[in-house]
1. Given (1) assigned to a strand (DSSP E or B); (2) surrounded by fewer than 19 Cβ atoms within 10 Å (Cβ to Cβ), where does residue 148 come up short, assuming only one miss?
2. Among 169, 132, 144, which is more than 16 Å from ligand 2 (Cβ to nearest atom), among the polar types (S, T, N, Q) and touching a Lys or Arg at 6+ places or on another chain (Cβ under 8 Å)?
3. Would you mind finding the one in 185, 197 that is over 17 Å from residue 251 (Cβ atoms), assigned to a strand (DSSP E or B), touching a residue at least 12 places away in the same chain (Cβ under 8 Å) and small (Gly, Ala, Ser)?
4. Within segment 243-255, identify whether any single residue is within 21 Å of residue 171 (Cβ to Cβ), within 16 Å of the chain's Cα centre (by Cα) and either more than 16 Å from ligand 1 (Cβ to nearest atom) or among the polar types (S, T, N, Q) (or both), and answer yes or no.
5. Please work out if residue 131 is part of a helix (DSSP H, G or I), away from ligand 1 (no atom under 16 Å from the Cβ), aliphatic (A, V, I, L, M) and closer than 28 Å to residue 199 by Cβ.
6. Sort out which residues of segment 132-154 are of a type in the set (Lys, Arg) and at pLDDT below 95, and write them in order of number.
7. Out of 157, 195, 230, which single residue is within 16 Å of ligand 2 (Cβ to nearest atom), in contact with a Phe, Trp or Tyr (Cβ under 6 Å, 6 or more places away or on another chain) and either under 19 Å from residue 271 (Cα atoms) or not basic (Lys, Arg) (or both)?
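The values are calculated or read from the model by the stated rules, or taken from the named source; none is laboratory data. All values reported here derive from a predicted model rather than from experimental measurement. Cβ sites come from the backbone with ideal geometry, for glycine too, and all protein chains shown count toward neighbours.
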Amino acid sequence: MLKINDSRKFAPRIGAHKSIAISLDLAVDRALESTCECLQIFTRPPRRWEAGESSLTSEIRNNFLKKCEKANFYDTAIHMPYLPNLASPDDTLYQKSIQVLSEEIEKSFLLKAPFVITHLGSPKERNEDFASERVAKALDIALSDLKSPTMVLLENSTARRKNWGTKFSHIEKILSKVTNSAHIGVCFDTAHAFSAGYDIRTTEGLHAVIDTINDSLGKEKLKLIHLNDSKGKFGSGVDHHEHIGQGNIGIDCFRELMQNPRFKRIPMIIETPKEDDQSDINNIQLLKTLRSS
Ligand SMILES: [Zn+2]
Ligand SMILES: [Zn+2]
């Protein structure tokens, strides 16, 4: 049994994206070594189409589940690899992308991971309406024979690639077109939002963005936050993550995310630079200090 009440003593829970190298269950060990309270993984090599060596044998799966139970990780997020493009106008690429999303949803069921995170992709030369139709249809297909309570979380992106995916209005458009919207949520990435022109350097600015998400998408849609400071300047469109408090967003935003009760039920994952084994530990310790002060 998961000890949910115990883990809620500290809120919000703070975790990191961890490698599944050698065996997927080792991600849990790596997370614990970095003092994580929750976890995000790729289940396959993020820049290749093939599923790779990390195929899910029942032994690996059982080890992963046992370790998660012991660690009290009950809100693991699976991040989609980077090559799929759910807004692609190219039919072959589009079908392959839906296939990968379906596979990751299936794995989330096997791994008892409630979230699959995806970027919105790029419609290339096509417009916003085309993109939102395309992504909504992909989500409907991938969620059509859902066996689990998995939610697919749409992550806001930076301002490159014709600006699609950068605004929460884009996610709103997808939600309005998708049939199974109960299984769609939002992953808010602080660095992506900042470089796309959402000014979250102040607590007022941060709350204004969260209000926008809640008002336009629904109060329960924000399910996970990626905590990243930004090397890219405000509105620059540069997706370059930085250690917490050392980038252009600054510490105030992260202090507010750690301390304001409105965020306490939302798992938070760092995707900050990993120079060495200590990097994640340092960022997580800083966040824990903010949380308890
Ligand atoms: Zn992402
Ligand atoms: Zn992210």
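1. (1)
2. 132 is the lone residue from the list that is more than 16 Å from ligand 2 (Cβ to nearest atom), among the polar types (S, T, N, Q) and touching a Lys or Arg at 6+ places or on another chain (Cβ under 8 Å).
3. Testing whether each residue is over 17 Å from residue 251 (Cβ atoms), assigned to a strand (DSSP E or B), touching a residue at least 12 places away in the same chain (Cβ under 8 Å) and small (Gly, Ala, Ser) leaves just 185.
4. There is no residue in segment 243-255 that is within 21 Å of residue 171 (Cβ to Cβ), within 16 Å of the chain's Cα centre (by Cα) and either more than 16 Å from ligand 1 (Cβ to nearest atom) or among the polar types (S, T, N, Q) (or both).
5. Values: part of a helix (DSSP H, G or I): yes; away from ligand 1 (no atom under 16 Å from the Cβ): yes; aliphatic (A, V, I, L, M): yes; closer than 28 Å to residue 199 by Cβ: yes.
Criteria met by residue 131.
6. Taking segment 132-154 as the starting set, the residues that turn out to be of a type in the set (Lys, Arg) are 134, 137, 147.
Within segment 132-154, 147 is the sole residue that qualifies.
7. 230 is the lone residue from the list that is within 16 Å of ligand 2 (Cβ to nearest atom), in contact with a Phe, Trp or Tyr (Cβ under 6 Å, 6 or more places away or on another chain) and either under 19 Å from residue 271 (Cα atoms) or not basic (Lys, Arg) (or both).
Yes or no, residue by residue, for (1) in a loop (DSSP other than H, G, I, E, B); (2) within 16 Å of ligand 2 (Cβ to nearest atom):
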position	(1), (2)
244	yes, yes
247	yes, yes
253	no, yes
257	no, yes
269	no, yes
274	yes, yes
279	no, no
282	no, no
285	no, no
